[in-house]
């Protein structure tokens, strides 16, 4: 059950951080305005809190593992929201990152 909770928290963090960054991007680069940027800032703040609910107490481990989730999540976000088409190297790289996440977070420790 702890692994499921951890995965859900990683997914929530990814949506908040990637979505927040996307909103800032849209507000600034696509000239959609300050409300988009403000929404992005709030979402990025929510991301900061999501990691604190992870069951593992080690900040460095959580953020290191989240890096892999961020890589895969960013590609997925681009596909769903912006119509990005990853090539095979993008996909392989994301899978390697997710394997790293699994090893960092869920390997048995004594």
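Things worth noting here:
- When the residues of the range 72-92 are filtered to those that are touching a helix residue (DSSP H, G or I) at 6+ places or on another chain (Cβ under 9 Å) and loosely packed, with under 13 Cβ neighbours inside 10 Å, the one that is nearest to residue 48 (Cα to Cα) is 81.
- Matching residues, the range 40-56, being touching a helix residue (DSSP H, G or I) at 6+ places or on another chain (Cβ under 6 Å) and either in a helix (DSSP H, G or I) or on the phi > 0 side of the Ramachandran plot (or both): 40, 43, 44, 46, 47, 50, 51, 53
- Under the condition of being under 17 Å from residue 21 (Cα atoms), over 14 Å from the mean Cα position of the chain (by Cα), free of Cβ contacts under 8 Å to residues at least 40 places away in the same chain and assigned to a helix (DSSP H, G or I), the residues counted in the range 57-89 number 3.
- Candidates 24, 69, 8, filtered to the one that is buried (at least 17 other Cβ atoms within 10 Å of the Cβ), at pLDDT 95 or above and either closer than 24 Å to residue 109 by Cβ or in contact with a strand residue (DSSP E or B) (Cβ under 7 Å, 6 or more places away or on another chain) (or both): 69
- Of the listed requirements (1) surrounded by 13 or more Cβ atoms within 10 Å (Cβ to Cβ); (2) farther than 17 Å from residue 8 by Cβ, residue 54 misses just one: (2).
The values are calculated or read from the model by the stated rules, or taken from the named source; none is laboratory data. A quick note: this is a predicted structure, and the numbers were derived from the prediction, not measured. Counting neighbours? That spans all protein chains shown, and the Cβs are built from the backbone with ideal geometry, glycine included.
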